[in-house]
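The values are calculated or read from the model by the stated rules, or taken from the named source; none is laboratory data. No experiment lies behind these values; they were computed from the predicted model shown. Every residue, glycine among them, receives a Cβ derived from its backbone with ideal geometry; neighbour counts consider all protein chains shown.
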Amino acid sequence: MKRFAFLIAGAFLFASYAGCTQPAGGSSKSPAKSESKIIHLTKESFLEQIFNYEKETEWKYNGKLPAIVDFYADWCGPCRMLSPVLEELQKEYDGKLQIYKVDTQTERQLAGALGIQSLPTVLFIPKDGKPQAMLGFRPKADIEKIIGEFLKVNK
């Protein structure tokens, strides 16, 4: 677990600006749900679809497509600004990558296990290789550049 938290912490390759800090608290469980093809994850669905950090010590992505995982909270202004951008990107890259969202207010145990402290935190997960993280809001063009250069996905 510590090894994975270190991996995620080490993956923060982009500097943060205009981020929020997540408040402390407990966890509540709700089933994974899909909205506009963006998949909302719970801890259980994250373990199944993204990475099972409870069983694995080395990063092993379980998905079939490159992915973006947005850790957000409804009260976070930059998170609310990022949400429509991610919805547009999911439609534009349909079938080439998958965007997931994790509500850190309801999935506090998951966010804590991954060391998520600033919001939004966005993980870019290539099909093969280790994830990289982006902290804070970025314009759509910056995210598209990361998708092309790091995830190796084109429209």
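For this structure, a couple of remarks:
- In this structure, residue 80 does not satisfy being surrounded by 15 or more Cβ atoms within 10 Å (Cβ to Cβ) and at pLDDT 95 or above.
- If the condition is being under 16 Å from residue 153 (Cα atoms) and in a helix (DSSP H, G or I), then the range 74-103 contributes 86, 88, 89, 90, 91, 92.
- Of the residues making up the range 84-117, those that are under 14 Å from the mean Cα position of the chain (by Cα), of a type in the set (D, E, K, R) and within 18 Å of residue 137 (Cβ to Cβ) are 87, 101, 103.
- From the options 32, 67, 9, 5, residue that is closer than 19 Å to residue 98 by Cβ, at pLDDT below 95, under 15 Å from the mean Cα position of the chain (by Cα) and not basic (Lys, Arg): 32
- Single residue of the range 128-155 satisfying the filter (of a type in the set (Gly, Ala, Ser) and in contact (Cβ under 8 Å) with a residue 12 or more places away in the chain) that is surrounded by the most Cβ atoms within 10 Å (Cβ to Cβ): 133
- Among all positions in the range 58-69, there is at least one residue which is free of Cβ contacts under 8 Å to residues at least 12 places away in the same chain and assigned to a loop (DSSP other than H, G, I, E, B).
- Near pairs, Cβ below 6 angstrom, 6+ apart or cross-chain, from the range 89-111 (at negative phi) to any residue that is assigned to a helix (DSSP H, G or I): 99/86; 99/90; 104/111; 107/43; 109/43; 110/43; 110/46
- Within the range 118-155, the residues that satisfy the criterion of being in a loop (DSSP other than H, G, I, E, B) and small (Gly, Ala, Ser) are 129, 136.
- Checking the stated criteria, residue 57 turns out to be at pLDDT 50 or above, over 15 Å from the mean Cα position of the chain (by Cα) and among the β-branched types (Val, Ile, Thr).
- Within the range 112-127, restricting attention to residues that are of a type outside the set (Lys, Arg), surrounded by fewer than 21 Cβ atoms within 10 Å (Cβ to Cβ) and in contact (Cβ under 8 Å) with a residue 24 or more places away in the chain, the residue that is nearest to residue 67 (Cα to Cα) is 126.
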